[in-house]
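Everything below concerns the one structure shown next.
The values are calculated or read from the model by the stated rules, or taken from the named source; none is laboratory data. This one's a predicted model, so the numbers in the text were calculated from it and none came from an experiment. Every residue, glycine among them, receives a Cβ derived from its backbone with ideal geometry; neighbour counts consider all protein chains shown.
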Amino acid sequence: MPLPASGAPPIVLCTLNAKYIHASLGLRYLLANMGDLRAQTALREFTIARKPQELVDELLGTFGQHAPSSVPIIGFGVYIWNVTQTCEVVRLLKQQRPDIKIVLGGPEVSHEVNDQEIVRLADHVITGWGDVSFPKLCRALLYGPQPLMKVIAGEQPPLDQITLPYAEYTDADLAHRLLYVEASRGCPFKCEFCLSSLDKTAWAFDLDAFLAELNTLYQRGARNFKFVDRTFNLKIDASVRILQFFVDRMADDLFVHFEVIPDHLPHRLKDMIARFPPGVLQFEVGIQSFNIEVQQRISRRQDNDKTEANLRWLVDESNAHLHTDLIFGLPGETLDSFATGFDRLYGLKPHEIQLGILKRLRGTPIARHTVEYAMVYEATPPYTVQETGAVTRDDMQRFTRLARYWDLVANSGRFGQTLDLLMRSASPFAAFMAFSEWLWQTTGKTSGLTPENLVDTLFEYLTVVRGADPQATRELLLADYVQSGARASPRTLQGLLLQRPAPGKTIATSLTRRQEQHVARAI
């Protein structure tokens with residue numbers, strides 16, 4: 001993104017992304033809505049892996065050419081995953097250039113603002129929506145009258161008054177990064193662990209205007225679209241039109257991601273979903289818990305029988321790749337009841353089961369259960385639950401290790417055939433927990449485990465601990481390893497691997513690689 005013209009007091013929109021591949025949709029909304037200030041506004045994105053002083057040096061370089069009388073402004077997007085690093089960047093900026101006006105926005109600083117160090121360091125904070133409020137604040141800082149309040153409640157305009165941000169994606173973004181888009185904002189549901197529970201409803205952008213913007217992106221070469229709508233299938237008419245848009249533009253490298261609610265898939269939507277070939281559709285399906293008492297406790301409305309039937313249809317009758325979510329540590333949920341829910345979900349054979357651990361996001365109503373259910377959270381981001389009245393701290397740590405190993409072994413898609421053997425038990429959850437406990441005792445590591453390490457440890461566990469046939473187990477691991485495309489040679493497979501050509505890699509193949517491995521497992 002080019003910097004503002006020399007001589008103009010610059011405004012910089014900045015955030016620290018978790019990875020380079022992520023592109024900030026929120027900052028692009030702000031940039032698109034700067035109006036007469038657009039020409040002197042720049043967008044700068046970094047990653048949380050960078051050293052804070054390096055980022056400060058780059059940001060200060062933006063302002064070095066301007067006179068001391070100018071009013072440089074930096075607006076930071078602050079989230080649970082970047083608040084610690086962003087706070088240090090703000091601290092260093094204020095030490096080295098106290099004249100710079102620091103403005104914060106984003107979900108992490110929209111609630112409980114008086115408790116936060118980063119808020120104390122900043123000049124202003126905009127809570128909630130910033131599309132209109134940030135440009136207004138910048139005009140006041142530059143031209144007066146000076147704002148009187150440090151904390152400013154963001155103004156929520158009608159959606160048709162917000163300029164859509166998709167023209168702000170650069171050609172480099174289209175080639176190398178995930179493109180986040182949204183057909184709607186907000187959510188009508190009240191799940192207490194989620195910030196969207198604070199919304200009164202969901203608001204939809206004008207669908208014709210939105211699809212026109214998507215078409216422009218597509219014509220420019222965009223082929224990956226990650227929808228951030230909380231409930232993509234809330235309004236079926238809109239859902240069908242959006243899916244039809246992509247059916248009409250089918251391409252080998254097309255990739256589209258949606259978050260869907262699992263108990264609302266009417267036949268019209270199923271008919272449209274069934275038209276997509278493998279590798280295009282990815283659905284993130286929030287289950288969170290099958291425990292009815294827990295669901296009611298956290299104000300989550302979910303028809304478990306419809307959810308199960310719809311998941312079964314998606315697995316059996318569609319080519320959509322399914323990421324299903326469960327959350328451990330919800331108030332009153334025991335390890336045993338979670339295991340029951342996991343086993344129910346695993347039996348439906350979704351492609352991935354993402355195992356999350358409850359986090360107490362600032363402002364969420366889940367905090368009302370803290371005393372009654374003895375919820376103990378980390379005091380620092382990401383505010384993960386450490387223990388509850390139903391789960392000990394030791395069991396929480398055991399689950400944390402299990403979730404990490406599950407991602408490496410199951411969600412990676414690298415061990416599809418071997419996983420079936422490993423999970424062969426009356427309780428698949430208990431089977432994987434036993435493996436997780438053994439792997440931790442054997443290696444003492446939850447990171448740094450290569451695919452080759454996992455091949456060797458799986459072979460040892462299955463043959464020595466579980467008593468599986470060595471020859472049959474080795475054949476399963478060999479088939480999985482070859483299918484995964486890994487390039488090294490595990491000890492267990494010495495002499496069994498033929499030399500293979502190195503594959504090429506594009507953003508499309510990196511997005512769909514795990515999908516391909518899960519599809520291969522199902523064939």
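Count of the stretch 128-140 residues, restricted to those that are assigned to a helix (DSSP H, G or I), within 17 Å of L104 (Cβ to Cβ) and either at pLDDT below 95 or of a type outside the set (A, V, I, L, M) (or both), is 5.
Pairs linking a residue in the stretch 288-308 that is buried (at least 18 other Cβ atoms within 10 Å of the Cβ) to a residue that is part of a helix (DSSP H, G or I) and β-branched (V, I, T), with Cβ atoms under 7 Å and 6 or more positions apart or on different chains, are I298/I366.
Within the stretch 365-392, the residues that satisfy the criterion of being free of Cβ contacts under 8 Å to residues at least 12 places away in the same chain and either assigned to a loop (DSSP other than H, G, I, E, B) or among the charged types (D, E, K, R) (or both) are T370, V371, E378, A379, T392. Among the residues of the stretch 281-309, those that are within 24 Å of the chain's Cα centre (by Cα), part of a helix (DSSP H, G or I) and under 15 Å from V260 (Cβ atoms) comprise T307, E308.
Between L25, L92, L60, which is surrounded by fewer than 21 Cβ atoms within 10 Å (Cβ to Cβ) and modelled with pLDDT under 95?
L60
The residue of the stretch 142-174 that is nearest to the chain's Cα centre (by Cα), among those that are modelled with pLDDT under 95 and outside any loop (DSSP other than H, G, I, E, B), is L142. When restricted to residues that are of a type in the set (A, V, I, L, M) and not in a loop (DSSP other than H, G, I, E, B), the stretch 269-280 contains 3.
Rundown of residues vs (1) without any contact (Cβ under 8 Å) to a residue 12 or more places away in the chain; (2) surrounded by fewer than 19 Cβ atoms within 10 Å (Cβ to Cβ); (3) acidic (D, E); (4) under 19 Å from G75 (Cα atoms), yes/no style:
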| position | (1), (2), (3), (4) |
| --- | --- |
| Y143 | yes, yes, no, yes |
| Q146 | yes, yes, no, yes |
| V151 | no, yes, no, yes |
| Q156 | no, yes, no, yes |
| T163 | no, yes, no, yes |
| T170 | no, yes, no, no |
| H176 | no, yes, no, no |
| S184 | no, no, no, no |
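Going through T400, T380 one at a time, which residue ends up being at negative phi, in the same structural domain as E352 (by TED's automatic domain parsing) and within 26 Å of the chain's Cα centre (by Cα)?
T380 is the lone residue from the list that is at negative phi, in the same structural domain as E352 (by TED's automatic domain parsing) and within 26 Å of the chain's Cα centre (by Cα).
Looking at the stretch 406-462, the helices (runs of 4 or more DSSP H) lying wholly inside it that each contain 3 or more residues that are modelled with pLDDT of 95 or more, over 25 Å from the mean Cα position of the chain (by Cα) and farther than 20 Å from D480 by Cα sit at 428-443. Does S337 qualify as being small (G, A, S), at pLDDT 95 or above and touching a strand residue (DSSP E or B) at 6+ places or on another chain (Cβ under 8 Å)? When the stated conditions are applied, S337 does not pass them.
Considering the stretch 202-230, the residues that are polar (S, T, N, Q) and touching a helix residue (DSSP H, G or I) at 6+ places or on another chain (Cβ under 9 Å) include one that is surrounded by the most Cβ atoms within 10 Å (Cβ to Cβ), namely N224.
Taken as a whole, the structure leaves T463 outside the set of residues that are within 28 Å of L348 (Cβ to Cβ) and outside the structural domain of S337 (by TED's automatic domain parsing). For F189, the stated conditions do not hold, so it cannot be described as at negative phi and modelled with pLDDT of 95 or more. Checked against the criterion of being assigned by TED's automatic domain parsing to the domain that holds P72 and farther than 22 Å from Y383 by Cα, the candidates L174, L141, L164 yield just one match: L141.
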